[in-house]
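Student: Okay, here's the structure, questions in a sec.
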Amino acid sequence: MPPLSRRNALLLGGLGLAGTAAGGAGLWWSLRTDQSPVTGEPLRQPETLGSSGGRLEASLEAAPGRFALGGRLAGALGYNGGTPGPTLVLSPGDVLKLRLGNKLADPSNLHLHGLHVSPLGNGDNVFLTVNPGRSLDYEYRLPPDHPPGLYWYHPHHHGGVADQVFAGLFGAIIVRDRGPAPAGTDRVLLVSDTTLDGAGNVAGTSTADRMAGREGNLLLVNGQANPRLTARPGERERWRIVNCCVARYLRLRLDGQKLQLLGMDSGRYGRPPDVQEVLLAPGNRAELLVTAALGRSVLRALPYDRGTMTMMAGRGSAAQDAGDPSGTALATLDVEGGRASPAPVVAAAGAAPPDLRSAVVAARRQLVLGTPMGSGMGGGPGPGMGMAGFTINGLRFDELRTDTVVAAGTVEEWVLVNRSFMDHPFHLHIWPMQLIAENDRPVEGTILRDVVNVPANGQCTVRIAFRDFSGRSVYHCHILDHEDLGMMGVIEVR
Ligand code: C2O
Ligand code: CU
Ligand code: CU
């Protein structure tokens, strides 16, 4: 595969720009230092589209354009004329009608990541295709007891997901709290990475980078490079953070500030624990309470070693941005001015989810995540090896095959086994997973996740209540290049 994929070549053609085939990722930044990203801009918030009276009707148009990335105009993809797309704000029980218009050069579609809604028909159905020039009306009904919190949307058309997300197609979804808000200020921080080529367009990717999972050399928050936030001492803010990166893990720290973890994915803590560091695998979200303390603090993404394709390469080499041990600055918080008196921390409202550790388990399954270089497969990397090796239980994704049939209303236990030298973040649509054990170490409490990190040569045990909805959907690795290469399976609940 050439460095510039067919898709991106088409995209550049569509923009009427010269498609440079210079594969050198980051040339634009590294050779033209006058074009280095602009930092220190005030953090901007995506536009919001909020429901009222139990409904939200909105349109999302996916199209190429010149959008601000790191303070410079770059050739990218966006929803409604920008990246990130608008934030959808909903309440439990709402009906959401979304028209997706596709002005891209390639097929696309829409997935609402983490939402507990039906996968049938024009619901959260990733088997639908919206071809270039076409549009589709989606309709979703949130159950009245839908968990509040942070979710996100992105395209899910198999084979093109990583390219489209890397180029800027993603946005946040907020499901409103039932009770009083835990903080006076609410911010959305969508963290993404991308690479621009010599012409300032989102760059294509090599086969080797797809196999490793591409990591961009620009790390952005809401499309900005190290933007600035300000607060007064004592103020309490809620930061809703999504890891929208195709493959990069985010080990986040905000030294000098008091941090509490309100929740991760669709799970919330009854009493938010104090934390120093939060690890977000691709696709994970976290809601943090920040109680501002005087001074300047930097939100950093510290290096995380997720392994590599081959054991020989060792962990933390080539494919990874080995990086500065102090990490990359994502955003800077300046706390200054007169003291504010924060409201007391309120515990998460809403019913606690049932603890599945004491549930009756109807079926136990094992899902083995495999890569071409994993155990049991010989041979070195090379063109002959092909891409057939990104599998679950030895099989590449086939949308016509149903891999897992589950009886509606039952609870299952799945052991997720990783037989490769790199971590894989495992994601199941529609139904949240409760973490039961990590590498045989039992997990305390009711910890719900939509994306579970399965460590290299390790395993995780989860339990899932297949309640409320039936129909066909998918589970996959959320390193989106791996999903596109085939590490995805079809589940049918009936
Ligand atoms: Cu966020 Cu199937 O994906
Ligand atoms: Cu999802
Ligand atoms: Cu993977």
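Student: Does segment 253-270 hold any residues that are assigned to a strand (DSSP E or B) and over 12 Å from S297 (Cβ atoms), and which are they?
Tutor: Q260, L261, L262, G263, M264, G267, R268
Conditions (1) in contact with a Ser or Thr (Cβ under 7 Å, 6 or more places away or on another chain); (2) over 30 Å from G198 (Cα atoms), marked per residue:
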position: A68; (1), (2): no, no
position: L88; (1), (2): no, yes
position: N102; (1), (2): yes, no
position: V117; (1), (2): no, yes
position: T129; (1), (2): no, yes
position: H158; (1), (2): no, no
position: V161; (1), (2): no, no
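Student: Assess whether F426 counts as being of a type outside the set (G, A, S), touching a residue at least 24 places away in the same chain (Cβ under 8 Å), open to solvent by less than 40 Å² (accessible area, probe 1.4 Å) and in a loop (DSSP other than H, G, I, E, B).
Tutor: So F426 fails the test.
Student: Another question, then. Name the one entry in R449, R463, R467, R472 that is modelled with pLDDT of 95 or more, out of contact with any strand residue (DSSP E or B) (no Cβ under 7 Å at 6 or more places or on another chain) and among the charged types (D, E, K, R).
Tutor: R467
Student: Also, I was wondering about something else. Can you tell me which residue within segment 437-457, out of those that are assigned to a loop (DSSP other than H, G, I, E, B) and not hydrophobic (A, V, I, L, M, F, W, C), is nearest to ligand 2 (Cβ to nearest atom)?
Tutor: Among residues in segment 437-457 that are assigned to a loop (DSSP other than H, G, I, E, B) and not hydrophobic (A, V, I, L, M, F, W, C), the one nearest to ligand 2 (Cβ to nearest atom) is D450.
Student: Let me ask something else. Give P132, P143 a once-over and let me know the one that is surrounded by fewer than 18 Cβ atoms within 10 Å (Cβ to Cβ), closer than 15 Å to I430 by Cα and either in contact (Cβ under 8 Å) with a residue 24 or more places away in the chain or within 18 Å of the chain's Cα centre (by Cα) (or both).
Tutor: Of the residues listed, the single one that is surrounded by fewer than 18 Cβ atoms within 10 Å (Cβ to Cβ), closer than 15 Å to I430 by Cα and either in contact (Cβ under 8 Å) with a residue 24 or more places away in the chain or within 18 Å of the chain's Cα centre (by Cα) (or both) is P143.
Student: If you don't mind, another one. Select from segment 477-494 the residues that are within 16 Å of ligand 3 (Cβ to nearest atom), on the phi < 0 side of the Ramachandran plot and outside any helix (DSSP H, G or I) and list them in ascending order.
Tutor: Passing the criteria: C477, H478, I479, M487, M488, G489.
Student: Out of the residues in segment 445-461 meeting the condition of being within 29 Å of F166 (Cα to Cα) and open to solvent by less than 30 Å² (accessible area, probe 1.4 Å), tell me which one is nearest to ligand 3 (Cβ to nearest atom).
Tutor: V454
Student: Please name all residue pairs, on different chains or six or more residues apart, with Cβ atoms under 6 Å, provided the first residue is in segment 95-117 and is on the phi > 0 side of the Ramachandran plot and in the same structural domain as A167 (by TED's automatic domain parsing) and the second residue is more than 16 Å from ligand 1 (Cβ to nearest atom) and of a type in the set (K, R).
Tutor: none
Student: Please determine, by comparing only the residues of segment 148-196 that are among the small types (G, A, S), more than 16 Å from ligand 3 (Cβ to nearest atom) and part of a loop (DSSP other than H, G, I, E, B), which one is most open to solvent (accessible area, probe 1.4 Å).
Tutor: G184
Student: A further question on this structure: May I ask you to list the residues in segment 264-304 that are at pLDDT below 95, open to solvent by less than 40 Å² (accessible area, probe 1.4 Å) and within 23 Å of H154 (Cβ to Cβ)?
Tutor: Selection gives S266, G267.
The values are calculated or read from the model by the stated rules, or taken from the named source; none is laboratory data. It should be emphasised that the depicted structure is a prediction, and the values quoted were computed from it without experimental measurement. No Cβ is skipped: glycine too gets one built from the backbone with ideal geometry, and neighbour counts run over all protein chains shown. When the accessible area is computed, the model is the full protein with side chains, heavy atoms only, and any ligands, DNA or RNA have been set aside. Shrake-Rupley method; radii C 1.70, N 1.55, O 1.52, S 1.80 Å.
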